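I'd like to ask you about the structure that follows.
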Number of protein chains: 2
Amino acid sequence: MKHMFEEGLQRREANYVPLTPIDFIVRAAEVYGARPAVVHGAIRRNWRETYERTRRLASALRQAGIERGDTVAALLPNIPPMIEAHFGVPMAGAVLNTLNTRLDVSSLLFMLRHGGAKALIVDTEYSELAHRAALEFPELRVISVADAMPADADKFIRAIDYEAFLQTGDPEFAWSSPDDEWDAIALNYTSGTTGDPKGVVYHHRGAYLNALSNILEWDMPKHAVYLWTLPLFHCNGWCFPWTVAARAGVNVCLRKFDAKTVFELIRREGITHYCGAPIVQSALANAPAEWREGIAHRVSTMVAGAAPAPAVIAKMKEIGFDLTHVYGLTETYGPAAVCARQDEWETLDDIARAEMNARQGVRYHLQAAVTVLDPDTLAPVPDDGETLGEIMFRGNICMKGYLKNERATEATFRGGWFHTGDLGVRMPDGYIRIRDRSKDIIISGGENISSIEVEDALYRHPAVSVAAVVAMADPKWGEVPCAFVELKEGAQVSADEIIAHCRQFLAGYKLPKAVRFGELPKTSTGKIQKFELRARIKAEETE
Amino acid sequence: MKHMFEEGLQRREANYVPLTPIDFIVRAAEVYGARPAVVHGAIRRNWRETYERTRRLASALRQAGIERGDTVAALLPNIPPMIEAHFGVPMAGAVLNTLNTRLDVSSLLFMLRHGGAKALIVDTEYSELAHRAALEFPELRVISVADAMPADADKFIRAIDYEAFLQTGDPEFAWSSPDDEWDAIALNYTSGTTGDPKGVVYHHRGAYLNALSNILEWDMPKHAVYLWTLPLFHCNGWCFPWTVAARAGVNVCLRKFDAKTVFELIRREGITHYCGAPIVQSALANAPAEWREGIAHRVSTMVAGAAPAPAVIAKMKEIGFDLTHVYGLTETYGPAAVCARQDEWETLDDIARAEMNARQGVRYHLQAAVTVLDPDTLAPVPDDGETLGEIMFRGNICMKGYLKNERATEATFRGGWFHTGDLGVRMPDGYIRIRDRSKDIIISGGENISSIEVEDALYRHPAVSVAAVVAMADPKWGEVPCAFVELKEGAQVSADEIIAHCRQFLAGYKLPKAVRFGELPKTSTGKIQKFELRARIKAEETE
């Protein structure tokens, strides 16, 4: 039965507008139009100009036959057209599929095919893909961006230059908002270590709310100056193109990461915020002190994925970089959990504080929940820091699902939770801590060993630069941990010394039974490829 | 036709959760449970305790027979139970109807009747209403809050003490979220100067988004310390109970405004933010310097309604109070526009800068639009600062509509816009400026005269404390402006001097033709009652 608060009080055009992060650029242009929006070398554009360019892009795409619900792919470094695509493509009603610039061409072709891309915006550096894609998909519109190098005419067949393409568009184009905030805004392929990549579909509502959560966690002020160290192709730069617009901030572009350049930009442009993988953070923490000269202001940084080593955390603190540790997956628009700091941690010693900061933490501000549940019964695990369960999310910062893969979508959303596939525990303070990927856990004599816990111990050794631990078959225990270690330049240490070091932190059954030295195989985004390490062990065993 | 981004990608429990500001207290309790939430004299409660009390309240209300969609009224000063009601009532699925403590009993009885209140939470100070309401509505549950004074047993018949009522509730109560973010969360009666008050219904979605907009405009950091100078009954304290929870900040309560107490609290509690009507701001700006001693930190303040006089703005700046001018109506959850400051205004002189800051400005961050349209054709007026139109809003920060008044709802939302009834202009920089309420405009010899413009001129006279201008019948011009002026204590000035002063700023036809001195009639919220002034003129004319 309807009650009186429902009678005649329905949604109307005046009081219900779909949430979309596109609106953030509209307000930035309206209210702060003359303020800087994008900086890239000699290029400096304000919000009015940037908004105009995105309207041109949307208009040109529509004129080129792109329709609502079509896919537009982009293979671009962190340059202005990539930021523009985050607005112009959805303003055309289309879905933006950013592609990982470090992937091989056949993976990229798979994505273009699976995502049904109708257009591809591609930097002239990636001529091989441009060529192969143009040949393979005769209907594909190719738009080439000449940023650092001219287009190779032999390779860029059927391509129109991005700037010329914008000129065909109307700067006053009356784009229309999404019909529904549940409409797709972006498509991001997961870099699965096995099997075909899955197409993760984002909706406008989630992108909007995650962009705001970024502001809330960072207390990010208006007109913040954001440096693009994090690849924009990676979960839409964790939604920061939209966050920066919502703050009418400055996007400082960076075609290629280089620690010295980063410090120069921090000094010259007054960078206040950036995000980066642990590898980016340690490159900055370990840079020569003279590169930092003249930088007196505080810089806020977010790090996702594995927590940086305590030494890196301590160093960041020393140089005045304020580090926030976040956690998430492609399916949660990047980070949707944060290790929210507590004042009382300041009284801890460096190691203990780093331990606290290294956890995956609590739900992001506008996410409904993150917790650890028994993957079968979905009952919460106790807050004992010991009982393993699966980390699960619920809320508006979860994807729509996997494109054209209803089975995987159903499975991952089973029981009203998004199943991350990461194993973790809940600490007595309610913070979650990742223990491992389900498939990375080592089962030794019936006991679970977290590969991450062993890696944490390895990382505490001053000579260790990168470490990974995987299961190795063992006749007695079933599996035992095998450590792969990359040493710091010039460092020397033996396997026995490494194991002795680990004994300080780990129970005997968790100690690595073997230590292999040498460079570790990594994915294009810097993740260690454990499947490759397992293959090496397998090869040894069968030799 | 469905496209591939719609197939199998529907909303699910895991990825779609209704937006509700209740969630802000849940996260504050989860993540910052031990941090201070509410301060009131000797009472200090943290977020965990406050959340527990709101769950008890929700549970007790359900046990007392309150059901989803029922109305719970509250007649309370700015004390902890009022903050708790903003969470506990909607957690019971009910709608919170806060009542203006300055209204007469018969208006309050009208609201209880029209809103169909099932329960009333009432401070023991308001024994008259408690008594009359209990007699008139035999089914009404009366919950009395003994804060500053004990309950008068003769008046508080059938009442249960609030603290005893909480004890009947379950601190672990499993409250449920709204079924839909469009569900009603609050009911606020407009203090119409004529006719019956209208019941403005707020939805969870709008309250959530306005609470976030407050953070965005103020760059309000986590754990901000907020002083309750603004009545919580006024547009739900402009949504700040929810904003403070979203920031895990501190609510410093204030039963009654008093400038000296405010400075003491700023000093002792480290207040960082407060909101207040112009009258509150000038009381603080004009306070003796010694009251401010020992306050070194910056304080951010928002002022709504009429802009403060330039002298007040300058004084606030001098004492280190950072003033933001906002604009809105009950129907837009309080402010939904802000006079966003621009860096270049800093180069202007005090008067010119105050003029810029006095405007109503631009849309609030998460509101879709505010503009000035021709009320008939809904065409935008030119950005010339001259052409009058009606100020209109669109977006999620607009009410559901008026309770049990579909005709008024339809009229106010006509053509896809919320019609404010305020007349204004658009300036060349896109900022809007209010000229008048439609009914306050003075039409003299066919020319429109903005009463606000004349009032602005009056306020510039150093002897003027409060001023109001209304139309007075005139045989030649139809109408002419008549000024009512309240002088500062000890000030003396003649009508001729006032008119001569105005001549510096106003065209001849806009000058007040008469000036009346004396105290002005005001509503309980400090608004000047122009209808009362018109009645006085009418009485003079018919004498």
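The values are calculated or read from the model by the stated rules, or taken from the named source; none is laboratory data. Remember, it's a predicted structure, so these values are computed and weren't measured experimentally. Cβ atoms come from the backbone with ideal geometry, glycine included; neighbour counts cover every protein chain shown. Only protein heavy atoms, including side chains, enter the accessible area calculation; ligands, DNA and RNA are left aside. Shrake-Rupley method; radii C 1.70, N 1.55, O 1.52, S 1.80 Å.
Within the stretch A:143-156, does at least one residue satisfy the condition of being in contact (Cβ under 8 Å) with a residue 60 or more places away in the chain and charged (D, E, K, R)?
Filtering the stretch A:143-156 down to residues in contact (Cβ under 8 Å) with a residue 60 or more places away in the chain leaves A:145, A:147-148.
From what is left, the residues that are charged (D, E, K, R) are A:147.
Scanning the stretch A:143-156 turns up at least one residue that is in contact (Cβ under 8 Å) with a residue 60 or more places away in the chain and charged (D, E, K, R).
Here's a follow-up. Report whether or not A:ASP154 is touching a Pro at 6+ places or on another chain (Cβ under 9 Å) and either surrounded by fewer than 20 Cβ atoms within 10 Å (Cβ to Cβ) or not in a helix (DSSP H, G or I) (or both).
no
Shifting gears a bit: Which condition number does B:ARG341 fail, the rest of (1) open to solvent by 30 Å² or more (accessible area, probe 1.4 Å); (2) in contact with a helix residue (DSSP H, G or I) (Cβ under 6 Å, 6 or more places away or on another chain); (3) not hydroxyl-bearing (Ser, Thr, Tyr) being met?
The number of the failed condition is (2).
Which of the residues that make up the stretch A:79-125 are in a strand (DSSP E or B) and more than 14 Å from chain B (Cβ to nearest Cβ)?
A:THR98, A:ALA119, A:LEU120, A:ILE121, A:VAL122, A:ASP123
With (1) under 30 Å from B:LEU109 (Cα atoms); (2) in contact with a helix residue (DSSP H, G or I) (Cβ under 8 Å, 6 or more places away or on another chain); (3) more than 10 Å from chain A (Cβ to nearest Cβ) as the list, and B:PHE173 as the residue in question, which single condition is left unmet?
Looking at each condition in turn, B:PHE173 falls short on (1).
All but one of (1) touching a Lys or Arg at 6+ places or on another chain (Cβ under 8 Å); (2) over 20 Å from B:ASN100 (Cβ atoms) hold for B:SER127; which doesn't?
(2)
Residues that are open to solvent by less than 80 Å² (accessible area, probe 1.4 Å) and under 29 Å from A:ARG102 (Cα atoms): list the helices (runs of 4 or more DSSP H) wholly contained in the stretch A:426-543 that include at least 1 such residues.
By residue number, A:451-459, A:530-542.
Quick check, is B:ALA73 at negative phi and within 20 Å of the chain's Cα centre (by Cα)?
Yes.
A follow-up question, please. Return yes or no: is B:ALA117 on the phi < 0 side of the Ramachandran plot and without any contact (Cβ under 8 Å) to a residue 24 or more places away in the chain?
No: the conditions fail for B:ALA117.
All but one of (1) more than 14 Å from every other protein chain (Cβ to nearest Cβ); (2) open to solvent by 10 Å² or more (accessible area, probe 1.4 Å); (3) among the hydrophobic types (A, V, I, L, M, F, W, C); (4) within 23 Å of B:ALA174 (Cβ to Cβ) hold for B:ALA58, so report the exception by its number.
Condition (2) is where B:ALA58 drops out.
Mind counting the residues in the stretch B:124-151 that are more than 24 Å from B:GLN63 (Cα to Cα), surrounded by 14 or more Cβ atoms within 10 Å (Cβ to Cβ) and hydrophobic (A, V, I, L, M, F, W, C)?
Of the residues in that region, 1 qualify.
Listed here are the residues, each with its yes/no results for (1) within 11 Å of chain A (Cβ to nearest Cβ); (2) open to solvent by 10 Å² or more (accessible area, probe 1.4 Å); (3) not in a loop (DSSP other than H, G, I, E, B).
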{"residue": "B:GLU331", "(1), (2), (3)": "yes, yes, yes"}
{"residue": "B:GLU355", "(1), (2), (3)": "no, yes, yes"}
{"residue": "B:GLN367", "(1), (2), (3)": "yes, no, no"}
{"residue": "B:VAL370", "(1), (2), (3)": "yes, yes, yes"}
{"residue": "B:ASP384", "(1), (2), (3)": "no, yes, no"}
{"residue": "B:THR387", "(1), (2), (3)": "no, yes, no"}
{"residue": "B:PHE393", "(1), (2), (3)": "yes, no, yes"}
{"residue": "B:ALA408", "(1), (2), (3)": "yes, yes, yes"}
{"residue": "B:ALA411", "(1), (2), (3)": "no, yes, yes"}
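Can you say whether B:ALA311 is open to solvent by 10 Å² or more (accessible area, probe 1.4 Å), in the same structural domain as B:ALA368 (by TED's automatic domain parsing) and over 20 Å from the mean Cα position of the chain (by Cα), as far as the supplied structure shows?
Values: open to solvent by 10 Å² or more (accessible area, probe 1.4 Å): yes; in the same structural domain as B:ALA368 (by TED's automatic domain parsing): yes; over 20 Å from the mean Cα position of the chain (by Cα): yes.
Answer is yes for this residue.
Which condition breaks for B:GLU486 when tested against (1) of a type in the set (Asp, Glu); (2) within 14 Å of chain A (Cβ to nearest Cβ); (3) touching a strand residue (DSSP E or B) at 6+ places or on another chain (Cβ under 9 Å)?
Condition not satisfied by B:GLU486: (2).
Keeping to the stretch A:31-55, report how many residues are surrounded by fewer than 17 Cβ atoms within 10 Å (Cβ to Cβ) and within 12 Å of another protein chain (Cβ to nearest Cβ).
Matching residues across the stretch A:31-55 total 2.
Filter the stretch A:279-308 for residues that are β-branched (Val, Ile, Thr) and in contact with a helix residue (DSSP H, G or I) (Cβ under 8 Å, 6 or more places away or on another chain); which is surrounded by the most Cβ atoms within 10 Å (Cβ to Cβ)?
A:VAL303
Wholly within the stretch A:1-78, which strands (runs of 3 or more DSSP E) include no fewer than the required count, namely at least 2 residues that are of a type outside the set (A, V, I, L, M) and in contact (Cβ under 8 Å) with a residue 12 or more places away in the chain? Break it down stepwise before answering.
Values: elements: A:36-40, A:43-46, A:71-75.
Those strands (runs of 3 or more DSSP E) span A:36-40, A:43-46.
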